[in-house]
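A quick write-up on the structure given underneath.
The values are calculated or read from the model by the stated rules, or taken from the named source; none is laboratory data. Treat the numbers as computed from the prediction; the structure is a model and nothing was measured. Every residue, glycine as well, gets a Cβ built from its backbone with ideal geometry; the counts of neighbours run over all protein chains shown. Note: areas computed on protein heavy atoms with side chains; ligands, DNA, RNA excluded. Shrake-Rupley method; radii C 1.70, N 1.55, O 1.52, S 1.80 Å.
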Amino acid sequence: DAGVTQSPTHLIKTRGQQVTLRCSPKSGHDTVSWYQQALGQGPQFIFQYYEEEERQRGNFPDRFSGHQFPNYSSELNVNALLLGDSALYLCASSPTNTDTQYFGPGTRLTVL
Amino acid sequence: GENVEQHPSTLSVQEGDSAVIKCTYSDSASNYFPWYKQELGKGPQLIIDIRSNVGEKKDQRIAVTLNKTAKHFSLHITETQPEDSAVYFCAASKASSASKIIFGSGTRLSIRP
């Protein structure tokens, strides 16, 4: 049984560009959350998707948007990239109506 | 606002000794407290969790304690081994179907041979 998978592993972009990150949840999980982890810090909650809707959002600007597909996989989109968006982006999945979240390996985004 | 504070930021212990990491949370509505271990280049791995209706939970060499009144919770690792070296994060959430997890800032644990 595969765990949470994310792609790509690493990504380099320049300021002002747009990026799309992808996540596939664990089998049987229908809820996907996204987190941003800056170097040397704990992960910070971006938003959560359930039934293809954004259910909860953290303190991130509208440049950060997402989508969930009928197969429960998810995308994170970031527009107008800033240097400060450089971070490890983590996806976590959980089964319906449970609080335990399981994390993927992350996508390392570098903005130059 | 919601906040989780974690101490110490770095911890070095002799192999075989115990390690303790302490956290406090600000939101009294928090009722679910997971602990994650993150190795270099990997995502956080859930190692143990505790809910607010329980004061202590143990899993082999790992134990967590929770003091709801003081809003403190701690991770205890006994008989430490080299493979315990990693960054550990405490976290808190209001367990529900739409729960976000608030993380502490992490503790870098090093095990000296």
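Structure summary
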{"item": "Residue check for B:Leu40: at pLDDT 95 or above and of a type in the set (A, V, I, L, M)", "result": "no"}
{"item": "Only one of A:Pro70, A:Pro105, A:Pro61 that is part of a loop (DSSP other than H, G, I, E, B), touching a Lys or Arg at 6+ places or on another chain (Cβ under 8 Å) and either within 12 Å of another protein chain (Cβ to nearest Cβ) or not hydroxyl-bearing (Ser, Thr, Tyr) (or both)", "result": "A:Pro105"}
{"item": "Residue ID - nearest to A:Thr110 (Cα to Cα), chosen from residues in the range A:29-78 that are among the acidic types (Asp, Glu) and open to solvent by less than 70 Å² (accessible area, probe 1.4 Å)", "result": "A:Glu75"}
{"item": "Subset of the range A:41-82 (residues that are of a type in the set (A, V, I, L, M, F, W, C) and under 22 Å from B:Pro44 (Cβ atoms))", "result": "A:Phe45, A:Ile46, A:Phe47, A:Phe60, A:Phe64, A:Leu76, A:Val78"}
{"item": "Unique match (being outside any loop (DSSP other than H, G, I, E, B) and within 13 Å of another protein chain (Cβ to nearest Cβ)) among A:Glu75, A:Glu54", "result": "A:Glu54"}
{"item": "Leading residue by the ranking (modelled with the lowest pLDDT) among those in the range B:84-102 that are touching a strand residue (DSSP E or B) at 6+ places or on another chain (Cβ under 8 Å) and open to solvent by 20 Å² or more (accessible area, probe 1.4 Å)", "result": "B:Ser97"}
{"item": "Given (1) within 16 Å of B:Ile50 (Cα to Cα); (2) touching a Leu at 6+ places or on another chain (Cβ under 9 Å), index of the condition B:Leu66 fails", "result": "(2)"}
{"item": "Strands (runs of 3 or more DSSP E) within the range B:1-74 that include 1 or more residues free of Cβ contacts under 8 Å to residues at least 12 places away in the same chain, charged (D, E, K, R) and away from chain A (no Cβ under 14 Å)", "result": "B:56-59"}
{"item": "Some residue of the range B:97-108 being aliphatic (A, V, I, L, M), in a strand (DSSP E or B), within 25 Å of A:Pro105 (Cβ to Cβ) and over 10 Å from the mean Cα position of the chain (by Cα)", "result": "yes"}
{"item": "Test result for B:Ala92, within 12 Å of another protein chain (Cβ to nearest Cβ), under 30 Å from A:Thr9 (Cα atoms) and either among the β-branched types (Val, Ile, Thr) or within 14 Å of the chain's Cα centre (by Cα) (or both)", "result": "yes"}
{"item": "Which numbered condition A:Gln36 misses (of (1) under 17 Å from B:Lys42 (Cβ atoms); (2) at pLDDT 95 or above; (3) in a loop (DSSP other than H, G, I, E, B))", "result": "(3)"}
{"item": "Qualifying residue in the range B:103-113 (condition: within 25 Å of A:Gln56 (Cβ to Cβ) and of a type in the set (Lys, Arg))", "result": "no"}
{"item": "Failed criterion for A:Leu90 (all others in (1) out of contact with any Cys (no Cβ under 8 Å at 6 or more places or on another chain); (2) surrounded by 15 or more Cβ atoms within 10 Å (Cβ to Cβ); (3) assigned to a strand (DSSP E or B); (4) more than 13 Å from chain B (Cβ to nearest Cβ) hold)", "result": "(4)"}
